[in-house]
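One structure is given here, and the rest of the page talks about it.
The values are calculated or read from the model by the stated rules, or taken from the named source; none is laboratory data. Remember, predicted model here, so these are calculated numbers, not experimental data. Please note: Cβ atoms are built from the backbone with ideal geometry, for glycine as well, and neighbour counts cover all protein chains shown.
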Amino acid sequence: MKSAALARIAAAQRQRQALVVVTRLGDGVQCLLDSGAIEGEFSLSAGQLVEARSLLVSGRSTPLAGDEGLFARAYVPSPRLLIVGAVHIAQALAPMAAAAGFEVIVIDPRGAFASPERFPGVQLSDEWPDEALARLGLDDKTALVALSHDPKLDDPALELALPSALFYIGALGSRRTHEKRLERLRAAGLGELTGRIHSPIGLDLGGRSPAEIAVSILAEVIQVRYRGERA
């Protein structure tokens, strides 16, 4: 692979952008495309362009239709789970999500909660959630779960999450707690977007322990990731 293509791939990965590299196997000539543009040493037919762009979502790598001997390789960011609130459920959820292939970041400014002792091997942020999310970015390969049960932490995160491209947004709390949350979000002008929040969070598996609730949350995140919001 040519140095220019490698540099473009590295930049896309740093920015969590999906990219497809198409190589003509006969001579090694390449072109690169993302969701908005295509660049390189040759062009694709309309059908090939549609086929290649579909790989930005699926993440698959495959030969393209036609007689030119084209192979498309997708470079797609790994799914990411942002957990607001370093609570007991988060202690169970973080390693489960990591085992399922998610990049996991736990966000909580309370040092007594978000400590390496409580979250060994987990990436931690001691920033306030709105600061952390603004820095990390909220793309369509990222899910967010608000677990702190503290409006001072959860609400600012949800206010940024709702108008974003996140594929999943969930918040812990009873129906009564969630209704009060919705009232605050409506007052913040986000009423039309509050339907994006999964609450009660997680699939209804009947579990009650922190680990069981974590399983239900991860199951719902995975379900929405592959089936969409209508799952």
Residue within the range 40-55 that is closer than 28 Å to T142 by Cβ and outside any helix (DSSP H, G or I) present: no
Matching residues in the range 158-190 - criterion: being part of a helix (DSSP H, G or I) and over 24 Å from the mean Cα position of the chain (by Cα): R175, R176, T177, E179, K180, E183, R184, R186, A187
So S148, is it surrounded by 12 or more Cβ atoms within 10 Å (Cβ to Cβ) and small (G, A, S): yes
Where a residue in the range 72-85 is farther than 12 Å from L138 by Cα and its partner, wherever it lies, is in a loop (DSSP other than H, G, I, E, B) and of a type in the set (S, T, N, Q), with Cβ under 8 Å and at least six apart: A72/S61; R73/S61; A74/S61; P77/Q17; V84/S148; G85/S148
Residue check for D34: over 30 Å from R227 (Cα atoms), of a type in the set (D, E, K, R) and either touching a residue at least 12 places away in the same chain (Cβ under 8 Å) or surrounded by fewer than 20 Cβ atoms within 10 Å (Cβ to Cβ) (or both): no
Residues of the range 201-225 satisfying the condition of being surrounded by fewer than 19 Cβ atoms within 10 Å (Cβ to Cβ), in contact with a helix residue (DSSP H, G or I) (Cβ under 7 Å, 6 or more places away or on another chain) and part of a loop (DSSP other than H, G, I, E, B): L203, L205, G207
Matching residues in the range 178-198 - criterion: being touching a Ser or Thr at 6+ places or on another chain (Cβ under 9 Å) and either more than 22 Å from G85 (Cα to Cα) or at pLDDT below 95 (or both): R186
Residue that is farthest from I105 (Cα to Cα), among those in the range 131-154 that are in a helix (DSSP H, G or I) and either among the aromatic types (F, W, Y) or in contact with a helix residue (DSSP H, G or I) (Cβ under 6 Å, 6 or more places away or on another chain) (or both): L153
Inter-residue pairs, beta-carbon under 8 Å, first more than 19 Å from V29 (Cβ to Cβ) and in the same structural domain as C31 (by TED's automatic domain parsing) and in the range 42-53, second at pLDDT 95 or above and surrounded by 13 or more Cβ atoms within 10 Å (Cβ to Cβ), 6+ apart: R53/V20
Selection status of E212, over 15 Å from L93 (Cβ atoms) and in the same structural domain as L153 (by TED's automatic domain parsing): no
Within the range 111-125, tally of residues that are in a loop (DSSP other than H, G, I, E, B), surrounded by fewer than 16 Cβ atoms within 10 Å (Cβ to Cβ) and modelled with pLDDT of 95 or more: 5
Residues satisfying the stated conditions in the range 76-108, i.e. surrounded by fewer than 17 Cβ atoms within 10 Å (Cβ to Cβ) and over 18 Å from S216 (Cα atoms): S78, E103
